[in-house]
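Worksheet: the structure to be examined is printed underneath.
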Amino acid sequence: MGASALVDGLITLSPEQEVYEVGDELTLSLSLFSNNTYLEDEVDFYMETHDKSPLLVFHFEELFSANEVLINKGKKGDSSNRYYMGYNQEIGIYELIINITLEKNCSYAFLTDASIYVIGRENCNRYRLDISIVWQGIPWVEFTF
């Protein structure tokens, strides 16, 4: 069994500014309730899959390359654009919080698409959410450093 959906705006990147300086810090965060209606019908991802660490794949790497990256919730995957979200069973939410200290001097401009994969180990249920950061009301990030 599997399903997928498009959900904009689940990821936040703050603070939203047009210009940053060396040492400025951005916080990228994502909170996903396990019990939700993103796939139209109500589904509880954790109850269906028992996946405590869904994979989040960003379709961009600019923020993570040559900048200092500190993961506060979740853990790093096998490449700079892959992270595993942590599951907080007490409140039924998947979370990822990453602090990025800007060190790479360049202009940043990228589409903010990402995908979350919640995969069942025993019963093979599989869910995918295609998500994005909404930056100043638009689906891409652009700023000067």
> Farthest toward the dipole's positive end in the chain, which of 55, 132, 108, given Cβ charges of +1 (Lys, Arg) and -1 (Asp, Glu) about the Cα centre?
Replying inline: 55
> Of 126, 121, 82, which has the most accessible area with a 1.4 Å probe, and how do the rest follow in descending order?
Replying inline: 121, 126, 82
>> With a 1.4 Å probe and all protein chains kept in place, how much accessible area does residue 64 have, in Å² rounded to the nearest 10?
In response: 20 Å²
> So what's the projected area for the stretch 1-123, the Cα convex hull averaged over all directions, in nm²?
Replying inline: 8.1 nm²
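What net charge is computed for the residues neighbouring residue 132, neighbours being all others with C-beta under 11 Å from the C-beta of residue 132, Lys and Arg scored +1, Asp and Glu -1?
Computed value for this residue: -3.
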> What size of dipole, in debye to the nearest 20, comes out for the stretch 54-145 about its Cα centre when the only charges are +1 on Lys and Arg C-beta atoms and -1 on Asp and Glu C-beta atoms?
Replying inline: 260 debye
> Considering only the other residues whose Cβ falls under 13 Å of the Cβ of residue 23, what net charge follows from Lys and Arg at +1 and Asp and Glu at -1?
Replying inline: -4
>> Assuming 0.36 nm per residue, please report the length gained on full extension of the stretch residue 71 to residue 24 beyond their Cα-Cα distance.
In response: 15.3 nm
> Using modelled backbone amide H atoms (1.01 Å from N, in-plane), which distant-in-sequence or interchain residues come within less than 5 Å of residue 34's amide H?
Replying inline: 93, 94
> So, counting K/R as plus one and D/E as minus one, what does the shell of residues with Cβ under 12 Å around residue 85 add up to?
Replying inline: +3
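Can you tell me the FRET efficiency between residue 119 and residue 35 if r is taken as the Cβ-Cβ distance and R0 is 25 Å, rounded to the nearest 0.05?
Taking R0 as 25 Å, the efficiency between residue 119 and residue 35 is 0.90.
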> Classify the stretch 31-78: rounded, prolate or oblate, from the alpha-carbon gyration tensor (a ≥ b ≥ c, eigenvalue square roots; a/c under 1.5 rounded; otherwise prolate if a/b is larger than b/c)?
Replying inline: prolate
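The values are calculated or read from the model by the stated rules, or taken from the named source; none is laboratory data. These numbers come from a predicted model, not from an experiment. Using ideal geometry, Cβ is built from the backbone for each residue, glycine included, and neighbour counts are taken over all protein chains shown. Only protein heavy atoms, including side chains, enter the accessible area calculation; ligands, DNA and RNA are left aside. Shrake-Rupley method; radii C 1.70, N 1.55, O 1.52, S 1.80 Å.
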